[in-house]
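Engineer: I am attaching a structure below and will ask some questions about it afterwards.
The values are calculated or read from the model by the stated rules, or taken from the named source; none is laboratory data. The model shown is predicted, which means the values in this text are computed figures rather than measured ones. No Cβ is skipped: glycine too gets one built from the backbone with ideal geometry, and neighbour counts run over all protein chains shown. Ligands, DNA and RNA are excluded from the accessible area calculation, which covers all protein heavy atoms including side chains. Shrake-Rupley method; radii C 1.70, N 1.55, O 1.52, S 1.80 Å.
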Amino acid sequence: MEARLMTNPYYARAIEMIRTTDLTKLETGKHVIDGDNLWVNIVETSLKTPQEARLEVHDQYIDIQVPLSKAESYGIKARKDCRLPDGEMNVQKDILFYKDPVDFVITAQPGEDVTFAPETAHAPCIGEGTLRKAIFKVRVL
């Protein structure tokens, strides 16, 4: 998977932007970088317990998530191991949720980026309080 990401020019461009841009200065909302191929959403959201967080997957886009205001935890599970879909893939929004429980959690500190390819189900926004974060959407090639 690593080689596939590194040969994706949109992924490389997103990583470069993360490294060279003060994301905390961007206004809340969607910032288009390269049409439907690459953009970043700056969001402010309430954090959840691991039990409340829902695993999600995407087919058309890679997520690169960067907590900005505080640490954020993510539930992770291999997509192939998810057994309880919560509905169908929403093709327009490129998202499918799962009811599977979160078994494994990682934590990213402010400014650290975490990449979720289509093979990885992820449950973002685990923690307490509110969080400002950047979510890069990178087209899968």
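Engineer: Sequence gap at least 6, Cα distance under 8 Å: using those rules, report the relative contact order of segment 49-96 to the nearest whole percent.
Structural biologist: Values: 24 pairs, mean separation 24.8, N = 48.
Worked out over segment 49-96, it gives 52 percent.
Engineer: With every protein chain in place, what's the accessible area of THR130 (1.4 Å probe, Å², nearest 10)?
Structural biologist: Surface accessible to solvent at THR130 totals approximately 90 Å².
Engineer: Follow-up question, since we're still on this one. Net charge within 13 Å of ALA121 by Cβ-Cβ distance, Lys/Arg positive one each and Asp/Glu negative one each, not counting ALA121 itself?
Structural biologist: Details: positive: ARG54, LYS77, ARG79, LYS80, ARG83, LYS99; negative: GLU56, ASP59, ASP63, ASP81, ASP86, ASP100, ASP103, GLU119.
Value of the local net charge: -2.
Engineer: Assuming R0 = 25 Å, can you tell me the calculated FRET efficiency for the pair VAL105 and ALA78, based on Cβ-Cβ distance, to the nearest 0.05? Display every interim value, and only then the final one.
Structural biologist: Working: r = 15 Å, r/R0 = 0.58.
Once rounded, the FRET efficiency stands at 0.95.
Engineer: In square angstrom, rounded to the nearest 10, how much accessible surface does VAL43 have for a 1.4 Å probe?
Structural biologist: We get 40 Å² for VAL43.
Engineer: Next question, about the same structure. Working with all protein chains in place, sort GLU16, GLU112, GLU88 by solvent-accessible area computed with a 1.4 Å probe, largest first. Provide the component values of the computation, followed by the final result.
Structural biologist: Numbers: GLU16 105, GLU112 85, GLU88 155 Å².
Of GLU16, GLU112, GLU88, the descending order of accessible area is GLU88, GLU16, GLU112.
Engineer: Could you tell me the distance between the Cα centroids of segment 83-108 and segment 117-141, to the nearest Å?
Structural biologist: Segment 83-108 and segment 117-141 have Cα centres spaced 11 Å from each other.
Engineer: Follow-up question, since we're still on this one. Counting only helical runs of four or more DSSP H residues, what would the 222 nm mean residue ellipticity of the chain come to if each run contributes -39,500 (n - 2.57) and the total is spread over all its residues?
Structural biologist: Working: 2 runs with 17 residues, N = 141.
Helix contribution divided over all residues of the chain: -3500 deg cm²/dmol.
Engineer: Debye sum, Cα scatterers, segment 4-72, no solvent: what log₁₀ I/I(0) at q = 0.18, 0.28, 0.29 1/Å?
Structural biologist: Values, matching the q order: -0.86, -1.44, -1.47.
Engineer: I'm a student and want to see the number: the projected area of the Cα convex hull of the chain, averaged over all directions, in nm².
Structural biologist: On the way: hull surface 32.1 nm².
The number I arrive at for the chain is 8.0 nm².
Engineer: Can you give me the solvent accessible area of ARG19 with a 1.4 Å probe, rounded to the nearest 10 Å²?
Structural biologist: 150 Å²
Engineer: Within the accessible area of the chain, what % is carbon and sulfur when the probe is 1.4 Å and the other protein chains stay in place? Present the calculation step by step, with values, prior to reporting the outcome.
Structural biologist: On the way: 3860 of 7550 Å².
Accessible surface attributable to carbon and sulfur in the chain totals 51 percent.
Engineer: For LYS93 paired with ALA12, estimate the spin-label separation in nm (one decimal), with each label point 7 Å from Cα along the Cα-to-Cβ line.
Structural biologist: 3.4 nm
Engineer: Separate question: Counting Lys and Arg as +1 and Asp and Glu as -1, each charge on the Cβ, what is the dipole of the chain about the Cα centre in debye, to the nearest 20? Walk me through the intermediate numbers first.
Structural biologist: On the way: 18 positive and 22 negative charges, 12 e Å.
With only Lys, Arg, Asp and Glu charged at Cβ, the dipole is about 60 debye.
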